[in-house]
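A.B. asks: Once you've had a glance at the structure underneath, I'll fire off some questions.
The values are calculated or read from the model by the stated rules, or taken from the named source; none is laboratory data. Note that the structure is a prediction, hence the values are computed from the model and not measured. Note that we place each Cβ from the backbone using ideal geometry, even for glycine, and neighbour counts take in every protein chain shown.
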Amino acid sequence: MKKHNYSAGPCILAQEVFEKAAQAVLDYNNSGLSILEISHRSKDFVAIIEQARALVLELLKLDPKEYTALFLSGGASHQFMMVPYNLMQTSGKAAYLDSGTWANGAIKEAAFFGETVVVGSSKDQNYNYIPKGYTVPEAVDYFHCTSNNTIYGTQMKEFPAAKVPVVCDMSSDIFSRVLDFSKFDLIYAGAQKNLGPAGTTLVVIKNRILGKSTRAIPSILDYEKQIKAQSMYNTPAVFAIYTSLLTLQWLKKQGGIAAIEKINNQKAELLYHEIDRNPLFEGTVRPEDRSTMNATFLLRNMAHAPIFEALCEAAGISGIKGHRSVGGYRASMYNALPIASVLVLVAVMQELESKV
Ligand code: PMP
């Protein structure tokens, strides 16, 4: 039986994507070769990565003359370092919003390169809200924020006006909601949530922000060199990129980001409604900052945990435990999670209520 997979990432992808990816492992496009054994310089793979890069910009509604999409290796964490390496001047400064564990990771890495100015933080309340009311200083090389906090379950609904380049870690909500993506100068996202398997990271860059730093950058970490090499400075993650292309094609077929956003909102409303209604549960973050991707909640009485977890297991619900650093429960409802899975979870929460 296919599980209802609430895992925070790697996570569920569309069933159609799993099937096509599996077929390509056996025989890519009737070529007599597996996707795993073709050269990254082959005509077939060059076509795959070019289509994927173009489709990213098309779905985000970004002008290909202004922006470039890259599929790099090393995970989103790698970008914590690549961003300052490329964008921070020697003895420069960058502004960061501290809204959770991953934002904090980005701040720590940037400190290797220059001064970090933390413009706002929600650490005082264990990151249960998005800091607001801050201003982004002008005398910094860029501003960095994290659109969705995968661990704490908060999501930025608004982004500050800034006169400096805006960099955003969208690892856990890219392609899930309509934003004016042209307001961002650099977006990055590990593939393993709304895009594909782990192994590649999407980076979307506004070309004109590059080339401003005087810092010497090792080639593999240099965005300009990666752009020049068409995202193939070294062997890219062929299978992860192919699977990402399948997801992008699937998303386009669903009607793109606007269409999936409607379903994501329905899923989130269903679950948060039950969290608020059911006396056994409570949400962990401020309602106005709740994430549509990762819903975090607690049982008011931990004595109910074994029954709740047994009911979840019997219903085929997987991956619902909170991050090891915070505990509780976290239901990750990425693009590919069907609404039917949310109905099953809500039914289990109601069943618990009727049993205890
Ligand atoms: N940023 C965010 C928002 C994340 O959720 C994660 C991983 N869950 C990361 C960064 C780190 O990604 P990676 O493991 O690909 O380095």
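A.B. asks: Restricting to the stretch 78-118, count the residues that are touching a residue at least 40 places away in the same chain (Cβ under 8 Å) and either among the hydroxyl-bearing types (Ser, Thr, Tyr) or not assigned by TED's automatic domain parsing to the domain that holds Arg215 (or both).
C.D. replies: 5
A.B. asks: Can you say whether Ile260 is in contact with a helix residue (DSSP H, G or I) (Cβ under 7 Å, 6 or more places away or on another chain) and not assigned by TED's automatic domain parsing to the domain that holds Asp141, as far as the supplied structure shows?
C.D. replies: Numbers: in contact with a helix residue (DSSP H, G or I) (Cβ under 7 Å, 6 or more places away or on another chain): yes; not assigned by TED's automatic domain parsing to the domain that holds Asp141: yes.
Answer is yes for this residue.
A.B. asks: In addition: Condition first: within 16 Å of the ligand (Cβ to nearest atom), part of a loop (DSSP other than H, G, I, E, B) and more than 15 Å from Trp250 (Cα to Cα). Now tell me which residues in the stretch 1-39 satisfy that.
C.D. replies: Tyr6, Ser7, Ala8, Gly9, Pro10, Cys11, listed by residue number.
So that you can scan it fast, the table gives a plain yes or no per residue for (1) outside any helix (DSSP H, G or I); (2) outside the structural domain of Ser341 (by TED's automatic domain parsing); (3) closer than 27 Å to Ile12 by Cα; (4) of a type in the set (Lys, Arg):
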| position | (1), (2), (3), (4) |
| --- | --- |
| Thr214 | yes, yes, no, no |
| Lys267 | no, no, yes, yes |
| Pro279 | yes, no, no, no |
| Glu282 | yes, no, yes, no |
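A.B. asks: Something else now. Residues of the stretch 142-162 being surrounded by fewer than 24 Cβ atoms within 10 Å (Cβ to Cβ) and either charged (D, E, K, R) or at positive phi (or both), which ones?
C.D. replies: Lys157, Glu158
So that you can scan it fast, the table gives a plain yes or no per residue for (1) farther than 30 Å from Ala54 by Cα; (2) touching a Phe, Trp or Tyr at 6+ places or on another chain (Cβ under 7 Å); (3) in contact (Cβ under 8 Å) with a residue 12 or more places away in the chain:
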position: Ile241; (1), (2), (3): no, yes, yes
position: Leu248; (1), (2), (3): no, no, yes
position: Ile257; (1), (2), (3): no, yes, yes
position: Ile263; (1), (2), (3): no, no, yes
position: Leu271; (1), (2), (3): yes, no, yes
position: Arg286; (1), (2), (3): yes, yes, yes
position: Met293; (1), (2), (3): no, yes, yes
position: Phe308; (1), (2), (3): yes, no, yes
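A.B. asks: Wholly within the stretch 131-203, which strands (runs of 3 or more DSSP E) include no fewer than the required count, namely at least 3 residues that are within 9 Å of the ligand (Cβ to nearest atom)?
C.D. replies: Numbers: elements: 143-146, 166-169, 186-190.
Once the strands (runs of 3 or more DSSP E) in the stretch 131-203 are filtered for at least 3 residues that are within 9 Å of the ligand (Cβ to nearest atom), what remains is 186-190.
A.B. asks: Somewhere in the stretch 308-324, is a residue polar (S, T, N, Q) and touching a Lys or Arg at 6+ places or on another chain (Cβ under 6 Å)?
C.D. replies: Within the stretch 308-324 (the criterion being polar (S, T, N, Q) and touching a Lys or Arg at 6+ places or on another chain (Cβ under 6 Å)), the answer is yes, since at least one residue qualifies.
Residues are listed down the side, and each one gets a yes or a no for (1) within 21 Å of the chain's Cα centre (by Cα); (2) assigned to a loop (DSSP other than H, G, I, E, B); (3) assigned by TED's automatic domain parsing to the domain that holds Ala54; (4) modelled with pLDDT under 95:
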{"position": "Leu270", "(1), (2), (3), (4)": "no, no, no, no"}
{"position": "Asp276", "(1), (2), (3), (4)": "no, no, no, no"}
{"position": "Val285", "(1), (2), (3), (4)": "yes, yes, no, no"}
{"position": "Thr292", "(1), (2), (3), (4)": "yes, yes, no, no"}
{"position": "Leu298", "(1), (2), (3), (4)": "no, no, no, no"}
{"position": "Pro306", "(1), (2), (3), (4)": "no, no, no, no"}
{"position": "His323", "(1), (2), (3), (4)": "yes, yes, no, yes"}
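A.B. asks: Here's a check for you: in the stretch 59-106, which residue that is of a type in the set (Val, Ile, Thr) and surrounded by fewer than 19 Cβ atoms within 10 Å (Cβ to Cβ) is nearest to the ligand (Cβ to nearest atom)?
C.D. replies: The extreme case among them is Thr101.
A.B. asks: Let me ask something else about it. Among residues belonging to the stretch 204-230 that are crowded, with 23+ Cβ neighbours inside 10 Å and either among the small types (Gly, Ala, Ser) or within 18 Å of the chain's Cα centre (by Cα) (or both), point out the one that is nearest to the ligand (Cβ to nearest atom).
C.D. replies: Once the filter is applied, the top-ranked residue is Val204.
A.B. asks: Quick test for you: out of Leu299, Leu248, pick the one residue that is aliphatic (A, V, I, L, M) and under 30 Å from Arg41 (Cα atoms).
C.D. replies: Going through Leu299, Leu248 in turn, just one is aliphatic (A, V, I, L, M) and under 30 Å from Arg41 (Cα atoms): Leu248.
A.B. asks: Output yes when any residue across the stretch 5-17 is more than 24 Å from Met156 (Cα to Cα) and surrounded by fewer than 18 Cβ atoms within 10 Å (Cβ to Cβ), and no when none is.
C.D. replies: Yes, the conditions are met somewhere in the stretch 5-17.
A.B. asks: Of the residues Ala106, Ala69, Ala94, which single one is outside any loop (DSSP other than H, G, I, E, B) and under 30 Å from Lys252 (Cα atoms)? Step through it out loud before you land on a result.
C.D. replies: On the way: Ala106 fails: under 30 Å from Lys252 (Cα atoms); Ala94 fails: under 30 Å from Lys252 (Cα atoms).
Checking each option against the conditions leaves just Ala69.
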